[in-house]
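Student: Can you read through this structure? Questions will come right after.
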Amino acid sequence: MSYIVLIVLFLLASAASMHVKSTFKKYHQVRNTRNMTGAEAAEWMLRSNGINDVSVERVRGFLSDHYDPRAKVVRLSEPVYDNPSIASVSVACHEVGHAIQHAKGYVPLQFRTTLFPLAQIGSQALWPMFFLGIILSIPSLINIGIIFFSFSVLFQVVTLPVEFNASARAIEQMESGNILSSEENQQARKVLTAAALTYVAAAAIAIAQLVRMLLIRGND
């Protein structure tokens, strides 16, 4: 049964990924009325919030946008950085939402940043250690593998409030700053909601994988 649940969740995650890409592409073709690019929106939002120590950079890739709290850089993909579309502004403002979280000491973001290296180790060391423990019948290795992976699961769970809050900040700023019209803000919500679904799916998959590991350990 647990395998069936995982398969269903993976299918849902794939559907969520396809949905966010199709939604982004749809509204990437709709120019906003202020003709503001993603980079311009990000710069405006940073300065409007008194954040002068965060820069905005262009990076390669599709939807590779992110905020780096260590370097204090909002990195926007080329389709977002240069394009004056509703989707570009939505994504850019969402990433600046993370910069605002950082500036205001938003606790879930701080916790996620602390968890990040542990989550990386957990995702990389998990399977070899876990399955080696299964093959060699060494419970301690199995348990260590599960503990490592737990950090990855916790990271995915903590990511949810961080991403939801960043989107809420973006919507609020786009509305109060009149970056987008009321109709365009509704379209921006669709872009950010579609993106949020991918994080929900990722967290669900991670939790299901952890449960599956615990079941395997219990049956070993």
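Student: Between the DSSP loop rule and a limit of at most 15 other Cβ atoms within 10 Å, which trypsin sites (Lys or Arg not before Pro) in the range 68-102 are left?
Tutor: Arg70, Lys72
Student: Also: Just rank Asp82, Asp65, fewest to most, by other beta-carbon atoms within 10 angstrom.
Tutor: The most exposed by this proxy come first: Asp82, Asp65.
Student: For a footprinting-style exposure proxy, rank Leu115, Leu132 by other Cβ within 10 Å, fewest first.
Tutor: The fewest-first ordering by Cβ neighbours comes to Leu132, Leu115.
Student: Right, next: Convert each backbone phi in the range 178-185 into a coupling constant with the Karplus relation 6.51 cos²θ - 1.76 cosθ + 1.60 (shift: θ = phi - 60°), then list the ³J(HN,Hα) values in order as whole Hz, x for Gly and Pro.
Tutor: So the Karplus estimates, Gly and Pro as x, are 6, 5, 10, 6, 4, 5, 5, 5 Hz.
Student: Can you check what the net charge comes to around Asn178, using other residues whose Cβ is under 11 Å from the Cβ of Asn178 (Lys, Arg +1; Asp, Glu -1)?
Tutor: Within the 11 Å Cβ shell, the charges total -1.
Student: Placing +1 at every Lys and Arg Cβ and -1 at every Asp and Glu Cβ, with all other atoms neutral, what dipole size does the range 2-219 have around its Cα centre, in debye to the nearest 20?
Tutor: Value, rounded to 20: 400 debye.
Student: Right, next: Would you tally the net charge around Phe149, using a Cβ to Cβ cut-off of less than 12 Å, leaving Phe149 out, and scoring K and R as +1, D and E as -1?
Tutor: Value of the local net charge: +2.
Student: If we count every other residue with Cβ under 15 angstrom of Pro161's Cβ, Lys/Arg +1 and Asp/Glu -1, where does the sum land?
Tutor: Combined, the nearby Lys, Arg, Asp and Glu give +2.
Student: Largest first and to the nearest Å, give the Cα extent of the range 46-124 along each principal axis.
Tutor: Largest first, the range 46-124 extends 38, 31, 19 Å along its Cα principal axes.
Student: Can you sort Ser167, Ser150 by how many other beta carbons sit within 10 Å, fewest first?
Tutor: With the sparsest Cβ surroundings first, the list reads Ser150, Ser167.
Student: Sticking with this structure for a sec: Over the alpha-carbon set of the chain, divide Rg by the Kirkwood Rh and report the Rg/Rh ratio to two decimals.
Tutor: That ratio is 1.05, to two decimals.
Since every read-out is calculated from the coordinates, none of them should be taken as a lab result. It should be emphasised that the depicted structure is a prediction, and the values quoted were computed from it without experimental measurement. Cβ coordinates were reconstructed from backbone atoms using ideal geometry, including for glycine residues, and neighbour counts include every protein chain displayed.
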